[in-house]
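Trainee: Starting off with a structure, shown below.
The values are calculated or read from the model by the stated rules, or taken from the named source; none is laboratory data. Source: prediction; values computed, not measured. Because the Cβ atoms are built from the backbone with ideal geometry, glycine has one as well, and the counts that use them run over all protein chains shown. Just the protein is used for accessible areas: all its heavy atoms, side chains included, with ligands, DNA and RNA removed. Shrake-Rupley method; radii C 1.70, N 1.55, O 1.52, S 1.80 Å.
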Amino acid sequence: MPTTYESEEERPASNAFQYRLKLKGMMARKNVMDGGITYYDKETGEITGHIDAPWMNDASQKAYSEDIVYDLKEEAGQEGQYVLTMTVDEAYLD
């Protein structure tokens, strides 16, 4: 699902990017405090991993931004499978 581009100057058609997460024996939740994602063991409830709070920077390392949001939805009827949508600020892409 991740997208690759021919050149650094190419702008993606959409500001939303989707990734499929397959978490066997785990569940995922979005963190209320920082917007990151935490994985939990389904049986014990213990934390097993995480995705840091969203941020972005370009190749120049001079365009840092936190104007990016994760949305996490469990796929209906697919235990342990989620779709993570990352929405980037349109102005950042321009």
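Trainee: Scan the range 45-57 residue by residue and report those that are surrounded by 14 or more Cβ atoms within 10 Å (Cβ to Cβ) and not in a strand (DSSP E or B).
Mentor: ALA53, PRO54
Trainee: Ok, one more. Report, by residue number, each residue of the range 58-86 that is hydroxyl-bearing (Ser, Thr, Tyr) and open to solvent by 80 Å² or more (accessible area, probe 1.4 Å).
Mentor: Initial filter on the range 58-86 (hydroxyl-bearing (Ser, Thr, Tyr)): 60, 64-65, 70, 82, 85.
Residue satisfying the conditions is TYR64 alone.
Trainee: Limited to the range 16-57, what total is found for residues that are without any contact (Cβ under 8 Å) to a residue 24 or more places away in the chain and over 16 Å from VAL83 (Cβ atoms)? Quick ask: steps written out before the conclusion?
Mentor: From the range 16-57, those without any contact (Cβ under 8 Å) to a residue 24 or more places away in the chain are 31-34, 38-41, 43-50, 52-53, 55, 57; that's our starting set.
Narrowing the set further to residues that are over 16 Å from VAL83 (Cβ atoms) leaves 31-34, 38, 40-41, 43-50, 52-53, 55, 57.
Count: 19.
Trainee: How many residues does the range 12-31 hold that are touching a helix residue (DSSP H, G or I) at 6+ places or on another chain (Cβ under 9 Å) and closer than 18 Å to PRO54 by Cα?
Mentor: Step one: filter the range 12-31 for residues touching a helix residue (DSSP H, G or I) at 6+ places or on another chain (Cβ under 9 Å), giving 12, 15.
Narrowing further to those that are closer than 18 Å to PRO54 by Cα: 15.
Residues that pass the stated criteria total 1.
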